[in-house]
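Quick notes on the structure that follows.
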Amino acid sequence: MNIHDSLDPRLCPQYRDFPGRYPRLAAEGAAELREAEGFEPLIIAMPEAPNATLAAGASYEARVGFLPGSYILGFSGSSGNVLGFEVRIEDLRDNARLWNRAIFYRNITGLVPALGIQAPVFYLPKPRLILEPGVLSVRLRNLNTAAANVVQFVLFGVQPCQP
């Protein structure tokens, strides 16, 4: 089995194929990177366990380092509260945001409660290349202004193998 198969959603028991639909097309689009020699899987979860509980309306920000030449393939996440959290990701190379505004976590985590899928990976339509210096700013904000929320956000990608 190819080491990068761990990033292929079609091999997960929860994966459902809908012909002509986004999940299948995104999975196929990322196949070249998953199967490319010289790359290894990269999975980064945040916040760390001691910081996973965000106070009411609070934010968490992290600087995430990547090897130049890495690719972000997708995201996953979870929220302990139905109000959830929002995500902002900015590439510090040129201060470019991945999206022009904050995104509600369910819109980028592939959450499909009606299908019984808990936290599948949402694959980007096109993998995002990370260039030097290889640093992203990731900001999570608890949307519940009355109660704390336990959140997790995960970046999935591939990075060049280190010698």
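The values are calculated or read from the model by the stated rules, or taken from the named source; none is laboratory data. Every value quoted in this text rests on a predicted model; they were computed, and no experiment measured them. All Cβ positions, glycine included, derive from the backbone under ideal geometry; neighbour counts span all protein chains shown.
Of all residues in the range 143-163, those satisfying the criterion of being in a loop (DSSP other than H, G, I, E, B) and touching a residue at least 60 places away in the same chain (Cβ under 8 Å) are LEU143, ASN144, THR145, ALA146, ALA147, ALA148, CYS161, GLN162. The residue that is modelled with the highest pLDDT, counting only those in the range 122-156 that are more than 21 Å from ALA102 (Cβ to Cβ) and surrounded by 17 or more Cβ atoms within 10 Å (Cβ to Cβ), is GLY134.
Selection of the range 34-84 for residues being among the acidic types (Asp, Glu), assigned to a loop (DSSP other than H, G, I, E, B) and under 16 Å from the mean Cα position of the chain (by Cα) yields only GLU48. Within the range 91-105, restricting attention to residues that are within 13 Å of the chain's Cα centre (by Cα) and either free of Cβ contacts under 8 Å to residues at least 24 places away in the same chain or assigned to a strand (DSSP E or B) (or both), the residue that is nearest to THR145 (Cα to Cα) is PHE104.
The single condition among (1) at pLDDT below 85; (2) surrounded by fewer than 14 Cβ atoms within 10 Å (Cβ to Cβ); (3) small (Gly, Ala, Ser) that ALA119 does not meet is (2).
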